[in-house]
Amino acid sequence: MRPSLIVHGGAWDIPDDAVDACKEGCLRALHAGWAVLANGGHALDAIEAAIIVLEDDPVFDAGYGSHLNLDGFVECDAIVMDAATLKAGSVAGLRRVKNPIQAARAVLEKSPHMMLIAEGAEQFAYRQGLPLCDPAELVSPAEREAWDRCRVDSHAAEHHRGHEQGTVGAVALDDQGRLFAATSTGGTCCKLPGRVGDSPLIGCGCYADSDTGAVSSTGYGEAIMRVVLAKTACDFLRPAASTPARAAQAAVQLLARRGKGSGGLILLDKGGNPGMAFNTPRMAYALVNPDGSFFASV
Ligand code: ASP
C-alpha cells in the first residue's frame, strides 16, 4: 500500500506574521513523519514523530507554547486513535508533560482505558517512563506576554487576537494499511481551568475507522463537540459518490450550520487519499503528494 500523511497546525485567524512559521513548522512535522513511513515504518510512530515536532514548536498551540488558561497555566489535551481497532488513547488537563501525544500513546498501548485526565493521567505517564516537567517549562515568553495583555481587560476576547495559532494534528497510513489519527492542543486562550475542548474527545477532535477514514479537527471546540465533527466527517466518506474533499467540506458546513462555529479538519480516506476543509480565514496544513513531493499551505 502507498503510505500517506497529512498534518495541520490549526484553523484560526492566523496572523500574517505567523504564516511562514506555521508553514515551516508543518513541513518539518511532515518530514519527521514521512521519514518513518518512507522507510516502511509504523503509522503510529509516524504520527508521534510529526506531532512531537509540532508540540515542541512554540508557534503552535500544543505542548510548549500552548495558550495559557485563565490562571496562567498551560493545560494540554491530546488523543491518538487506531482505525483498525477503534481504540483511542486520550489525555486531558496535563500541566507537566512536555509531549502530551506520548502520554496519549501510552494510554492507547498500555492501559485498558480510553481517556485519563489531570493528575491521574500525569501519574500514569510517569509510570510509563515519561518525565514530568515543571509547569513553567511549557510556557513560552510570547504566550506569557499575550496573557498579560489579556489580563489588562479581564481577558476580553479582542486581546486574544495575535496569538491564535492553533491546535495540531496528523493522520497517517503506512504501507501495511495501518491508519491512525491524532490531535494535540493547549485549548483556547484564557479558558477556565479544567476546561476540556473537543480535541481529546473521541469523535470530536479525532476519529479513525478503517471502514471509512481518519480525521483530525481544529477550531472552536464547543462548536465541534455539538456536531461530533471528526466522526461526522468519517461518516460522510461512506456514500459511494463521496470524495475526501466533499466529505471534509460537508462536515465543515455542518459545523457552521448546526454547530454555529468555525474550524477545520484534515482527513485521509481508508485508501490514503487526503481531504481538508475550513471555514476560518486560514488553516495551516501540509501533505505528501502521490509523487512524494511535499505541499504546505496556510
Ligand atoms: N479545538 C481546540 C479547542 O477548542 C482549539 C483549536 O483547535 O485550536 O480546545
Practice task
Answer yes or no as to whether Ser66 is of a type in the set (Ser, Thr, Tyr) and more than 16 Å from the ligand (Cβ to nearest atom).
Solution key: no
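Considering only residues that are in a helix (DSSP H, G or I) and touching a residue at least 12 places away in the same chain (Cβ under 8 Å), look in region 1-19 and name the one that is farthest from the ligand (Cβ to nearest atom).
Val19
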Practice task
Kindly list the number of the only condition in (1) in a helix (DSSP H, G or I); (2) open to solvent by 10 Å² or more (accessible area, probe 1.4 Å) that fails for Gly93.
Solution key: (1)
Exercise for the section: Hey, can you tell me all the residues within region 194-220 that are more than 20 Å from Ala245 (Cα to Cα) and either modelled with pLDDT under 95 or β-branched (Val, Ile, Thr) (or both)? Expected result: Val196, Ile202, Tyr220
Problem - Cβ pairs under 8 Å, 6+ apart, first in region 67-94 and on the phi < 0 side of the Ramachandran plot, second basic (Lys, Arg) and crowded, with 24+ Cβ neighbours inside 10 Å - result: Val80/Arg105; Gly89/Arg105
Practice task
Among residues belonging to region 142-184 that are modelled with pLDDT under 80, within 30 Å of Gly33 (Cβ to Cβ) and touching a helix residue (DSSP H, G or I) at 6+ places or on another chain (Cβ under 6 Å), point out the one that is surrounded by the fewest Cβ atoms within 10 Å (Cβ to Cβ).
Solution key: His163
Problem - Total residues in region 193-225, condition within 12 Å of the ligand (Cβ to nearest atom) and either open to solvent by less than 20 Å² (accessible area, probe 1.4 Å) or over 13 Å from the mean Cα position of the chain (by Cα) (or both) - result: 18
Practice task
Test Val19 against the criterion of being crowded, with 22+ Cβ neighbours inside 10 Å and β-branched (Val, Ile, Thr), and give yes or no.
Solution key: no
Completion exercise
Going through (1) at pLDDT 95 or above; (2) under 19 Å from the mean Cα position of the chain (by Cα); (3) open to solvent by less than 70 Å² (accessible area, probe 1.4 Å) one by one, Met115 fails only at (3)
Problem - Enumeration of residues in region 30-58 that are crowded, with 22+ Cβ neighbours inside 10 Å and outside any helix (DSSP H, G or I) - result: Asp57
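The values are calculated or read from the model by the stated rules, or taken from the named source; none is laboratory data. All values derive from a computational prediction rather than experimental measurement. Every residue, glycine among them, receives a Cβ derived from its backbone with ideal geometry; neighbour counts consider all protein chains shown. SASA here: full protein model, heavy atoms, side chains in, ligands and nucleic acids out. Shrake-Rupley method; radii C 1.70, N 1.55, O 1.52, S 1.80 Å.
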